[in-house]
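Heads up: the structure comes next, in structure tokens.
The values are calculated or read from the model by the stated rules, or taken from the named source; none is laboratory data. Remember, predicted model here, so these are calculated numbers, not experimental data. No Cβ is skipped: glycine too gets one built from the backbone with ideal geometry, and neighbour counts run over all protein chains shown. All accessible areas refer to the heavy atoms of the entire protein, side chains included, with ligands and DNA or RNA removed. Shrake-Rupley method; radii C 1.70, N 1.55, O 1.52, S 1.80 Å.
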Amino acid sequence: ERMEQQVRERTAELFTANQQLEQEIAERTTIEAALLESENKYRRVVENANEAIVIAQDGMLKFFNPKTMAITGHAPAELDSRPFAELVYQDDRDMVVARHLARLRGEQIPDVYTFRIIHKTGDIRWVEIRAVLIEWEGRLATLSFLSDITERKRAEQEREYLLTQVQEQARRIQQIMD
């Protein structure tokens with residue numbers, strides 16, 4: 001009789017423990033599904049962004065989205081196997097690296113600035129960068145968003161050229177009139 005009572009008590013305890021485990025498993029499954037859905041949403045945003053999104057750490061690109069490949073012309077294996085500074089046009093390289101390192105040291109530098117990169121084809125492209133300091137895998141890094149502004153720069157240069165031409169013509173007309 002005592003043995004049967006102990007078996008019943010133990011069975012009840014096991015039943016209760018089993019119900020708790022099932023509830024915990026159900027909660028964990030719900031949380032994991034929500035996390036997966038959230039990861040999928042963010043992945044779609046990053047993969048379809050109209051800006052290059054990169055994480056730079058230790059002089060290398062640790063993360064980049066598909067737009068990065070479109071802007072630079074480089075394949076993933078090329079982007080993650082060489083220092084990011086090699087992508088920057090020589091005349092802008094020192095400034096870009098200095099600002100990256102200053103940001104990592106916590107110094108106040110512009111969050112937004114422009115510089116040139118070298119496309120895989122050798123073409124020079126202008127980009128506008130927006131960068132912030134983040135922690136990546138337990139260490140400091142920069143999260144940057146880059147927009148290709150090459151066409152905007154070309155339009156600005158064309159506008160300046162045309163304005164200079166108009167001013168020169170106006171000066172010549174004024175000389176003739178005097």
Inset, instruction - Could you point to the residue in 73, 59, 14 farthest towards the positive end of the chain's charge dipole, with +1 and -1 charges on the Cβ of Lys/Arg and Asp/Glu respectively? - result: 73
Legend entry - Unit charges at the beta carbon, dipole of the chain: most positive-side option, 169, 30, 149: 169
Inset, instruction - Work through the residues other than residue 34 whose Cβ is under 14 Å from its Cβ and net out their charges, Lys, Arg +1 and Asp, Glu -1. - result: -2
Inset, instruction - Within region 67-108, list the trypsin sites (Lys or Arg not before Pro) lying in a DSSP loop whose Cβ has at most 16 other Cβ atoms in a 10 Å radius. - result: 105
Inset, instruction - Once you have a ≥ b ≥ c as the square roots of the Cα gyration tensor eigenvalues for the chain, tell me rounded if a/c is under 1.5, and otherwise prolate or oblate according to whether a/b is larger than b/c. - result: prolate
Inset, instruction - Figure the gain on full extension for residue 78 and residue 45 (residue separation times 0.36 nm, minus the Cα-Cα span) and round it to one decimal in nm. - result: 9.5 nm
Inset, instruction - Using a 1.4 angstrom probe on heavy atoms only, work out the carbon and sulfur share of the accessible area of region 12-137 in %. - result: 54
Inset, instruction - Calculate the dipole size of the chain relative to its Cα centre from +1 charges on Lys and Arg beta carbons and -1 charges on Asp and Glu beta carbons; express the result in debye to the nearest 20. - result: 640
Inset, instruction - Give a quick list of GluC sites (Glu not before Pro) in region 1-89 that DSSP marks as loop, anything other than H, G, I, E or B, with at most 16 other Cβ atoms within 10 Å. - result: 1
Inset, instruction - Output the DSSP H helices from the chain with an along-axis C-alpha extent of no less than 18 Å and a mean Kyte-Doolittle hydropathy no less than -1.0. - result: 90-104
